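Encoded as structure tokens, the structure appears first; notes follow it.
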């Protein structure tokens, strides 16, 4: 007999992390636990307060309903969870875990056999100029070839000086630079700022203006001097028809997939299919999940075989994350075959 339960868990940042939305000190997440005649499965519902489409008062009530109605099966439940993408992902992950040979080997591949790695970007958090410079130096010194810098909170000129300092030392062939504005620019100023940023030979800019301004974003993507990647714009777009309409209207250069925010593996597959049909590039990024969610996202990402650096280097941000085989080394994410999950520690935390 299949049984389900859920647990809340709060991740604590090692140091407060700055974004254009504010300072992050903790990250709330939830786990769905399945048990079928002693065989277990686990999935992470990585809600992101203030960003997730399912950040709503009835979130826990919906989790409780899912667990009480787990006998309905995955397909029926996913249809009922259309407006709860993080629960969709956690449930999909939990069933995948339950039906796999190993609790955490969801997509066996050369990656999970420690025979290949995933190139990732090094994330630079917002903060003082000194703090950001130190992060940049640390990432380059540890072997990252792609750096993603969050912008939009400091003075724009100072942010440009930071980018210039990188370009003065490294060409675009040596270090790929991405920036993420998290919607910090207004539509009236965005194009001029993109023209300034284009001088630094950037790979792309994520979400230059706030989501929901479809016509303004479409004009920006048409006129932009540097590639634009949609991120938050994908959140809350639930049906395939609306996803296709959004992509064909805006016609961005890239889209960024956060499975916890867009409905898990199925939602990500839908976006990828639409992007590729329209000759639009894509990559996958974690959304500050624990190592349980990150593990699932990384394994899924590897089998999709994107040739771009992915945004999967967030596992070391927390003081109370779960020990896992995931290891960031020389700008890549590796799954160490000889390191195992500490299940006793995991169970104690629950």
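The set of residues in the stretch 136-161 being buried (at least 18 other Cβ atoms within 10 Å of the Cβ) and assigned to a helix (DSSP H, G or I) consists of 136, 139, 140, 159. Among the residues of the stretch 135-150, not a single one is at pLDDT 95 or above, in the same structural domain as residue 332 (by TED's automatic domain parsing) and over 23 Å from the mean Cα position of the chain (by Cα). For residue 280, the test of being in contact with a helix residue (DSSP H, G or I) (Cβ under 7 Å, 6 or more places away or on another chain) and closer than 26 Å to residue 54 by Cα is failed.
The number of residues in the stretch 229-244 that are touching a residue at least 12 places away in the same chain (Cβ under 8 Å) and farther than 22 Å from residue 48 by Cβ comes to 2.
In the stretch 184-217, the qualifying residues are those that are buried (at least 22 other Cβ atoms within 10 Å of the Cβ) and assigned to a loop (DSSP other than H, G, I, E, B), and the one that is farthest from the chain's Cα centre (by Cα) is 208.
Scanning the stretch 69-105 for residues that are in contact (Cβ under 8 Å) with a residue 40 or more places away in the chain and in a helix (DSSP H, G or I) yields a count of 17.
For the stretch 45-54, check the following and say yes or no: at least one residue is assigned to a strand (DSSP E or B) and touching a helix residue (DSSP H, G or I) at 6+ places or on another chain (Cβ under 6 Å). Scanning the stretch 45-54 turns up at least one residue that is assigned to a strand (DSSP E or B) and touching a helix residue (DSSP H, G or I) at 6+ places or on another chain (Cβ under 6 Å).
Within the stretch 119-134, being part of a loop (DSSP other than H, G, I, E, B) and at pLDDT 90 or above holds for one residue alone: 121. Against the numbered list (1) over 17 Å from residue 44 (Cα atoms); (2) buried (at least 16 other Cβ atoms within 10 Å of the Cβ); (3) touching a strand residue (DSSP E or B) at 6+ places or on another chain (Cβ under 7 Å), residue 304 comes up short only at (3). Candidates are the residues of the stretch 244-262 that are closer than 28 Å to residue 27 by Cα and part of a helix (DSSP H, G or I); the one that is farthest from the chain's Cα centre (by Cα) is 262. Of the residues making up the stretch 263-285, just one is out of contact with any strand residue (DSSP E or B) (no Cβ under 6 Å at 6 or more places or on another chain), outside any helix (DSSP H, G or I) and surrounded by 23 or more Cβ atoms within 10 Å (Cβ to Cβ), namely 263.
Against the criterion of being more than 26 Å from the chain's Cα centre (by Cα), modelled with pLDDT under 95 and more than 21 Å from residue 123 (Cβ to Cβ), residue 168 qualifies.
When the stretch 22-52 is limited to residues that are over 12 Å from residue 99 (Cα atoms) and out of contact with any strand residue (DSSP E or B) (no Cβ under 7 Å at 6 or more places or on another chain), the one that is surrounded by the fewest Cβ atoms within 10 Å (Cβ to Cβ) turns out to be 38. Being in contact with a helix residue (DSSP H, G or I) (Cβ under 6 Å, 6 or more places away or on another chain) and at pLDDT 95 or above is the filter here; which residues of the stretch 297-332 pass it? Scanning the stretch 297-332 gives 297, 300, 310, 312, 326. Scanning the stretch 230-241 for residues that are under 15 Å from residue 269 (Cα atoms) and part of a helix (DSSP H, G or I) returns 234, 240, 241. In the stretch 57-68, the qualifying residues are those that are free of Cβ contacts under 8 Å to residues at least 40 places away in the same chain and surrounded by 14 or more Cβ atoms within 10 Å (Cβ to Cβ), and the one that is farthest from the chain's Cα centre (by Cα) is 65. Of the residues that make up the stretch 110-118, is at least one part of a strand (DSSP E or B) and either surrounded by 17 or more Cβ atoms within 10 Å (Cβ to Cβ) or in contact with a strand residue (DSSP E or B) (Cβ under 7 Å, 6 or more places away or on another chain) (or both)? Taking every residue of the stretch 110-118 in turn, at least one turns out to be part of a strand (DSSP E or B) and either surrounded by 17 or more Cβ atoms within 10 Å (Cβ to Cβ) or in contact with a strand residue (DSSP E or B) (Cβ under 7 Å, 6 or more places away or on another chain) (or both).
The values are calculated or read from the model by the stated rules, or taken from the named source; none is laboratory data. In this text, all values refer to a predicted model and were calculated from it rather than measured experimentally. Cβ atoms come from the backbone with ideal geometry, glycine included; neighbour counts cover every protein chain shown.
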